[in-house]
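Structure record follows, encoded as structure tokens.
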Ligand SMILES: *[C@@H]1O[C@H](CO)[C@@H](O)[C@H](O)[C@H]1NC(C)=O
């Protein structure tokens, strides 16, 4: 498999992108009722009932990385990769077209580091935005739906594109919605129920991108300490580690990455994350420049037992603490229930 960069232009660059605002719902919420016409489901599968009232985003009852207003099941391995690939590509296309500043972080940055692609075992995508960008998105784009043509996916797959079930030359249209958490204006890390500031949601699979805002640390600034930044998920950064952002490519799309990506990754996932070629049931194939699933006869016992979550701050599991241990179908890794 070759690192595909050029053959992707088929899709994104020819995207028809239609944004239309949804009529403002009466109630100040994101309820299932208000989304009729956008969702295929008859029954809300979000965990809203069990969530504290102040929590804005409700993950599904069946998996923390799915939006239960739009999906009632986890996707297969290939379908998830397909969906996540096009989530990030459409998000980058959209933010680029409106001039919103954004860059990849966490597991997505690690995937970028290895081969400029998402990691096949990941079940979400992580990006950050600047404070000015989240303000802009909240002011003008909350609840907007964007239609893109993406390559059709077939569960059988014909292997023509990456063996991931994309049908060469066939497109299907998918809707994506940007939703901004009204609590984004509260910068306090005490607001632990609302650490995700916004989501870019694939309305056909319920998978999404978590968007967090990188904020100035105003309390530290008052005490004379300059140049530190943070997100509500309690990650702290030196402004110099993030800015100036570098230009690169991710999943075939122009992307920004933080300046000191190597040290940010080592700090988050441990020093091995940049060298270890075996984890989460996948081995990095340097010739193909791809993570390949380890087959059953390659014993997991040869794995050093290293997982990228090591070194991760506990808060990284974010809003999902009440539904741990769920895995996507197709994850064949014993002993690993954490995800990025
Ligand atoms: C976005 O729209 C939803 C649905 O109307 C609303 O509940 C939410 O408060 C809005 N977010 C912002 C930042 O205004």
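The values are calculated or read from the model by the stated rules, or taken from the named source; none is laboratory data. Just so you know, these numbers come straight off a predicted model, no measurement behind them. When we count neighbours, we look across all protein chains shown, and the Cβ atoms used for this are built from the backbone with ideal geometry, even at glycine.
Overview of values
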read-out: Sole residue being more than 15 Å from residue 114 (Cα to Cα) and out of contact with any helix residue (DSSP H, G or I) (no Cβ under 7 Å at 6 or more places or on another chain), chosen from 238, 234; value: 238
read-out: Boolean, residue 193 is touching a helix residue (DSSP H, G or I) at 6+ places or on another chain (Cβ under 8 Å), within 16 Å of the ligand (Cβ to nearest atom) and assigned to a helix (DSSP H, G or I); value: yes
read-out: Residue check for residue 51: modelled with pLDDT of 90 or more, more than 12 Å from the ligand (Cβ to nearest atom) and either farther than 13 Å from residue 179 by Cβ or surrounded by 12 or more Cβ atoms within 10 Å (Cβ to Cβ) (or both); value: no
